[in-house]
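Colleague: Got a structure here, written out as structure tokens. Questions coming.
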Amino acid sequence: MTPELGTIEGFYGRPWSAEERAANIAFLAQHGYGFYLYAPKADTFLRRRWAEPHPTEMADDLARLAAQCRAAGVRFGVGLSPYELYLNFDASARAALAEKLAFLDGIGCVDLAILFDDMRGDIEGLADKQIEIVDWIAARSGATRLITCPSYYTDDPILDRVFGQRPPGYLEALGAGLDPAVEIFWTGPRVCSKELTAEHLARVAETLRRKPFIWDNYPVNDGQRMAPFLHLRAFTGRTGEIGAEIAAHGVNPASQAMLSRIPMLTLEMLYRDAAYDPDSAFHAAAEAIAGAPLARLIEEDLAAFQDVGLDALPEKEQAALRARYAAFDHPCAREIALWLDGHWRITDEIVQTQ
């Protein structure tokens with residue numbers, strides 16, 4: 001069973017350009033990707049400055065993006081992170097939120113995600129406060145699909161260390177209190193899950209009282225620790241049988257828009273092919289995206305890109321890789337060259353300010 005597939009541009013650091021978004025939406029629509037959620041951490045007008053209106057140029061870009069999605073037959077969505085709104089959901093906050101919702105309706109947002117991640121969560125009555133906000137939004141938004149990301153969207157204890165200990169029974173209360181029509185994001189047993197099993201997802205569905213909407217943090221490579229790597233290998237640790245256990249499968253791609261297409265194509269193959277083999281899938285996807293000669297080089301250098309990483313590559317080897325890919329006039333080769341030059345490096349300061 002192939003679930004609905006989609007792109008969630010939800011990473012830290014440099015967001016994709018308008019041209020990269022449009023090109024990927026059109027291309028991936030041909031390979032089963034039916035929704036696109038705009039939620040880059042760099043758009044502060046959806047996060048810490050959510051109560052402020054988007055500048056005119058950004059607003060116009062988003063309206064164009066929505067139109068491009070419609071033309072490609074792809075659902076356009078936006079991820080709104082009303083930063084710690086649940087601490088003070090007063091009349092002023094409600095007025096600002098109503099204005100933001102009207103703006104999103106106006107640009108053509110049909111999928112609206114309310115994101116409570118990356119915020120303090122050790123608060124009494126957290127689930128009830130978030131349910132109140134989501135219900136309030138549902139009554140006023142024109143979006144035809146509403147999704148929310150819990151403050152604790154995985155079993156991973158790292159969230160408790162960073163954002164405070166999750167309240168007892170938080171997910172159970174959220175699942176019981178939210179309207180059944182509201183979808184709930186889930187990343188799996190970890191923030192970046194190496195494995196998603198049918199058994200795990202069935203258990204989560206019981207807790208949430210609905211099938212989880214997967215936010216898959218592969219091949220994303222944001223953050224200070226992941227930015228020095230290129231995640232290009234095919235999807236593993238997932239099998240086609242999980243399709244029956246989930247509401248949809250959204251992929252948080254890498255910062256490199258063209259290279260992201262390689263693993264993203266393999267996810268469609270995973271669901272479609274009962275005899276899915278990751279190595280064969282990578283080979284086919286890399287050839288489809290980069291062409292056979294360049295794909296062969298990328299395959300030869302996979303270990304350097306995905307296992308060794310930029311920080312551990314000797315300067316001599318970095319120079320050899322630059323020369324190797326400079327011979328190709330192709331977006332994949334240019335993205336590799338930029339990665340080698342540190343174009344997508346991310347500092348703690350960038351993460352903290354976004």
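No lab work stands behind these numbers, since they all come straight from the coordinates. Because the structure is predicted, anything quoted here is derived from the model rather than measured. Don't worry about glycine lacking a Cβ; one is built from the backbone with ideal geometry, like all the others, and counts go over all protein chains shown.
Colleague: Which one of SER17, LEU159, LEU313 has its Cα pushed farthest toward the positive end of the charge dipole of the chain, where Lys and Arg give +1 and Asp and Glu give -1 at the Cβ?
Modeller: Farthest towards the positive end: SER17.
Colleague: Project the alpha carbons of the stretch 190-243 onto their principal axes and report the range along each, largest first, in whole Å.
Modeller: Largest first, the stretch 190-243 extends 38, 21, 13 Å along its Cα principal axes.
Colleague: Hey, fewest Cβ within 10 Å first, where do PHE103, PHE116 land in order?
Modeller: Lowest count first: PHE103, PHE116.
Colleague: What's the exposure ranking of TRP215, TRP16, going from fewest to most Cβ atoms within 10 Å? It would help to have the intermediate numbers written out before the result.
Modeller: Details: TRP215 30, TRP16 21.
If I rank by nearby Cβ atoms, fewest first, I get TRP16, TRP215.
Colleague: Convex hull over the alpha-carbon atoms of the stretch 285-350: what's its volume per residue in Å³?
Modeller: Details: hull volume 6.6 nm³, N = 66.
Enclosed volume per residue, from the Cα hull, is 101 Å³.
Colleague: In addition: Do the sum for the chain: with -39,500 (n - 2.57) for every DSSP H run of n ≥ 4, divided by all residues, what is the mean residue ellipticity at 222 nm, to the nearest 500 deg cm²/dmol?
Modeller: On the way: 14 runs with 154 residues, N = 354.
My calculation for the chain gives -13000 deg cm²/dmol from helical runs alone.
Colleague: Check which residues have an amide H placed less than 5 Å from ARG345's amide H, if you skip close sequence neighbours.
Modeller: For ARG345, whose amide H was placed from the backbone, there are no distant partners under 5 Å.
Colleague: Net charge within 15 Å of ASP118 by Cβ-Cβ distance, Lys/Arg positive one each and Asp/Glu negative one each, not counting ASP118 itself?
Modeller: Working: positive: LYS41, ARG47, ARG48, ARG49, ARG120, ARG161, ARG166; negative: ASP43, GLU84, ASP117, ASP122, ASP156, ASP160, ASP222, ASP348.
Summing Lys/Arg as +1 and Asp/Glu as -1 gives -1.
Colleague: What are the semi-axes of the equivalent ellipsoid for the stretch 244-354, taken as the square roots of 5 times the Cα gyration tensor eigenvalues, largest first, in whole Å?
Modeller: Those come to 26, 21, 12 Å.
Colleague: So what's the Cα pair-distance distribution over the stretch 138-281, bin width 5 Å, in %?
Modeller: The calculated distribution, bin by bin, is 2, 9, 17, 20, 19, 16, 11, 5, 1, 0.
Colleague: Treating only the Cβ atoms of Lys and Arg (+1) and Asp and Glu (-1) as charged, compute the dipole magnitude of the chain about its Cα centre; round to the nearest 20 debye.
Modeller: Details: 34 positive and 51 negative charges, 74 e Å.
Using Cβ point charges on Lys, Arg, Asp and Glu, the chain gives about 360 debye.
Colleague: Can I ask one more? Please determine, in degrees from 0 to 90 and to the nearest 10, the orientation of helix 331-340 with respect to the longest principal axis defined by the Cα atoms of the chain, where the helix direction is its Cα long axis.
Modeller: Between helix and principal axis, roughly 80 degrees.
Colleague: What's the Kirkwood radius of the stretch 83-178 in Å, using all Cα pairs?
Modeller: 14.1 Å is the Kirkwood radius here.
Colleague: So for the stretch 1-136, averaging the separation of alpha carbon pairs under 8 Å that are six or more residues apart and normalising by length, what relative contact order in percent results?
Modeller: 24
Colleague: Explain nothing, just the number: relative contact order of the chain, from Cα pairs under 8 Å at least 6 residues apart, as a whole percent. Don't jump to the answer; show the numbers that get you there.
Modeller: Numbers: 638 pairs, mean separation 65.4, N = 354.
Relative contact order here is 18 percent.
Colleague: Report relative contact order for the stretch 285-350 in percent, whole number only (criteria: Cα-Cα under 8 Å, sequence separation at least 6).
Modeller: Values: 23 pairs, mean separation 15.9, N = 66.
The value is 24 percent.
Colleague: Expressed as a whole percent, how much of the Cα-Cα distance distribution for the chain exceeds 24 Å?
Modeller: Roughly 56 percent, rounded to a whole number.
Colleague: Shifting gears a bit: Compute the distance from the alpha-carbon center of the stretch 1-33 to that of the stretch 283-306, in whole Å.
Modeller: Each part reduced to its Cα centre gives a spacing of 20 Å.
Colleague: Which of ASN88, PHE103, GLY243 sits closest to the plus end of the dipole of the chain, meaning its Cα is farthest towards the positive end, when Lys and Arg get +1 and Asp and Glu get -1 on the C-beta?
Modeller: The Cα lying farthest towards the positive end belongs to PHE103.
Colleague: With charges only on Cβ, +1 for K and R and -1 for D and E, what is the dipole size of the stretch 209-259 about its Cα centre, in debye, rounded to 20?
Modeller: Here the stretch 209-259 has a charge dipole of around 140 debye.
Colleague: So, one more: Residue separation times 0.36 nm, minus the C-alpha to C-alpha distance between ALA42 and ASP307: what's the value?
Modeller: Between ALA42 and ASP307, full extension yields an extra 92.7 nm.
Colleague: Ranked highest first by the average count of other Cβ atoms within 10 Å around their residues, in what order do 185-191, 93-99 fall?
Modeller: Details: 185-191: 21.4, 93-99: 15.1.
Highest mean packing first, the order is 185-191, 93-99.
Colleague: To continue, here is another question. Return the Rg/Rh value of the stretch 13-89, two decimal places, where both radii are evaluated on C-alpha atoms and Rh is the Kirkwood radius.
Modeller: 1.02
Colleague: I want to check the label-to-label distance for ARG322 and ARG296. Put each point 7 Å from Cα in the C-beta direction and report it in nm to one decimal.
Modeller: 2.6
Colleague: Quick check: the angle from helix 56-72's long axis to the longest principal axis of the chain, C-alpha only, nearest 10 degrees?
Modeller: Tilt of helix 56-72: around 70 degrees.
Colleague: Please turn the phi angles of the stretch 198-212 into ³J(HN,Hα) values with the Karplus equation 6.51 cos²θ - 1.76 cosθ + 1.60 (θ = phi - 60°), one per residue in order, whole Hz, x for glycine and proline.
Modeller: Values per residue, Gly and Pro as x: 4, 5, 4, 5, 5, 5, 5, 4, 5, 5, 7, 6, 5, 5, x Hz.
Colleague: Another question, then. Just report the Cα centroid separation between the stretch 175-231 and the stretch 330-354, whole Å.
Modeller: Value for the Cα centre distance between the two parts: 25 Å.
Colleague: Now a separate question. In degrees, nearest 10, range 0 to 90: what is the angle between the Cα axis of helix 257-272 and the longest Cα principal axis of the chain?
Modeller: 80
Colleague: If neighbour count is taken as other Cβ atoms inside 10 Å, put TYR38, TYR86 in order from fewest to most.
Modeller: Sorted ascending by nearby Cβ count, the order is TYR86, TYR38.
Colleague: Give the value in nm², to one decimal: projected area of the alpha carbon convex hull of the stretch 209-278, averaged over all directions. Provide the component values of the computation, followed by the final result.
Modeller: On the way: hull surface 21.0 nm².
If I average the Cα hull's projected area over directions, I get 5.2 nm².
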